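The values are calculated or read from the model by the stated rules, or taken from the named source; none is laboratory data. These figures come from a predicted structure and were not determined experimentally. Calculation scope for accessible area: heavy atoms of the full protein, side chains included, ligands and nucleic acids excluded. Shrake-Rupley method; radii C 1.70, N 1.55, O 1.52, S 1.80 Å.
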Amino acid sequence: MAMSDSNVNFTVETAKAALTDILATLNNEENSTKLEEAKENVGNDMLKMMQYIFPLVVQIQMDVIKKYGFADNREGIIQFTQHIVAMEKEDPCIADLHSQLRAIFLPPVSIATAASL
């Protein structure tokens, strides 16, 4: 599926608005409760997070991104994410918002450094 014309004009400001909208939707009472229940059930198990939490987050994202000209399907979420990843390199606000979004469905990762080995 080709990118729609409205995505050609997907600006930094639109990206910030979309990410803010996604975060607000994820944090509304209904979705927040669903996510908290799922997180309690999966703990810090990455595989279970990808099975239960990631699909919830992606579905909510798809519902939001259609307001910004993206298809509400797999292709739309991929295109949206590609735009965001490209823009976050140039704009620290987008990088921060995207980081907040990823923190919802990715567990904290401890990276061993050479000094700690």
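Were the residues from D96 through K34 laid out at 0.36 nm apart, the gain over their Cα-Cα distance would be 19.9 nm. Within a straight-line Cα-Cα reach of under 17 Å, K16 can be paired with the following aspartates and glutamates, leaving aside sequence neighbours fewer than 8 residues apart in one chain: D63, E88, E90, D91, D96. Extension gain, T20 to Q59: 0.36 nm times the residue separation minus the Cα-Cα distance gives 12.4 nm.
Residue-normalised convex hull volume from the C-alpha trace of segment 12-104: 91 Å³ per residue. Overall form of segment 51-105: oblate. Here a/c, set by the Cα gyration tensor axes a ≥ b ≥ c, is 1.5 or more, and a/b is not larger than b/c.
Per residue, the accessible area of segment 12-104 comes to 56 Å², computed with a 1.4 Å probe over protein heavy atoms only.
Accessible surface of segment 12-104, 1.4 Å probe: 51 percent of it comes from carbon and sulfur atoms.
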